[in-house]
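J.: Quick one: the structure is below, questions incoming.
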Amino acid sequence: MTTSATADQAQTIKLALSRIGDIATLPEVTAKIITIVDDPKSTARDLHLVIKNDPALATKILKVVNSAFYGLPGQVAEIDRAIVLLGLSAVKNIAISASISRLFTGEKFSDKYSARDIWRHCIAMAAATREFAVLIGKRAHAEEAFLAGLIADLGLLVERQAFPDQFKEVIRQASQSPAEKPFCVIEQELVGADHQALGAALANRWKFPRGLQTVMAYHHRIDNLAEDYRLLPTLVYIADTLCSHERVGFHLMARGQTLEDTHLESAGLSESDFNTVREQLPGLIADSEALFSG
């Protein structure tokens, strides 16, 4: 990208963030949770004091903690115990995931798609990314993987709200069969920035950890990343490719995206692992929707 194009994209992003209104800020309690967990001096008690004042969020966190995924012995009925069992970072990721669903509302933005279709694709990516993380022995980071998949395409919501007419045209062109250009290229041409750049800018405003910002900025161009920063974006890339090829929700972003053996190998996955998750995907989506929707 030339210096001029980079400046134009920066201006587009600045304009977009000025137009997004109610999605420009995280819920106050979620922002507090991120601040607490990112402070090395914080304790489980600090986190508990914040979450207990939001009964709806506390209920969602307990619902997730008591799901079959964690397999904890007995039911966890108290937030402070959930925090101790899971750790601050895992609870933070669950809290963010639980608060994200409020953003996916509104009428249809095209003849075929609404914001809930984006949500369904995001929840599918989240579930698949988490499952891939478990398969490569990263169960301790499974909730981070889930969150990474869930937020990867948040830039679409920025685009939809800031540039609605251009977004409709992006969808129209990307829906052509076969699509003449990748979704991100069409976005760049019509909007001035793709959903990766817009999402990363939103994540920066929300003060998300650098790793999650990297996922949002590079999940369609993982080869541009240094090897040390590539694992989580690669897992999301693989999950996105799977969910798009399975036509889950708003799937145009990666409909033409290819999955090479080298992608699986670099993430520590086998073709058998991929096929296992593909077979399990409907059930994984149903379970995750039940936990986080609404």
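Only the coordinates and a few stated rules stand behind these numbers; no lab work does. Here the structure is a predicted model, which is why all the values come from computation and not from measurement. Counting neighbours? That spans all protein chains shown, and the Cβs are built from the backbone with ideal geometry, glycine included.
J.: Stick to Cα atoms and the Kirkwood definition of Rh, then tell me Rg/Rh for the stretch 175-271. Write down the numbers at each step before the final one.
T.: Values: Rg = 13.7 Å, Rh = 14.2 Å.
My calculation of the ratio gives 0.97.
J.: Note down the net charge around Ser42, summing +1 for each Lys or Arg and -1 for each Asp or Glu among other residues with Cβ under 11 Å from its Cβ.
T.: +1
J.: Here is a further query. So how strong a dipole does the chain carry about its Cα centre when Lys and Arg Cβ are +1 and Asp and Glu Cβ are -1, to the nearest 20 debye?
T.: With only Lys, Arg, Asp and Glu charged at Cβ, the dipole is about 840 debye.
J.: Next up: If each of Glu265 and Glu169 carries a label point 7 Å out from its Cα toward its Cβ, how far apart are those two points in nm?
T.: 4.3
J.: Calculate, axis by axis, the spread of Cα positions in the chain along the three principal axes, and write the results as whole Å, longest axis first.
T.: Projected onto the principal axes, the Cα atoms of the chain cover 53, 44, 38 Å.
J.: Give me the net charge of Ile79's neighbourhood, meaning all other residues with Cβ under 14 Å from the Cβ of Ile79; Lys, Arg count +1, Asp, Glu -1.
T.: +2
J.: Helix 115-135: angle to the longest alpha-carbon principal axis of the chain, degrees 0 to 90, nearest 10?
T.: The two axes meet at around 60 degrees.
J.: Label-point separation (nm) for Asn53 and Asp111, each offset 7 Å from Cα along Cα-to-Cβ?
T.: Placing both labels 7 Å beyond Cα along the Cβ direction yields 5.0 nm.
J.: Still on this structure, please answer the following. Could you please report the charge total around Glu143, scoring K, R as +1 and D, E as -1 over all other residues with beta-carbon less than 10 angstrom from its beta-carbon?
T.: Cβ neighbours under 10 Å give a net charge of +2.
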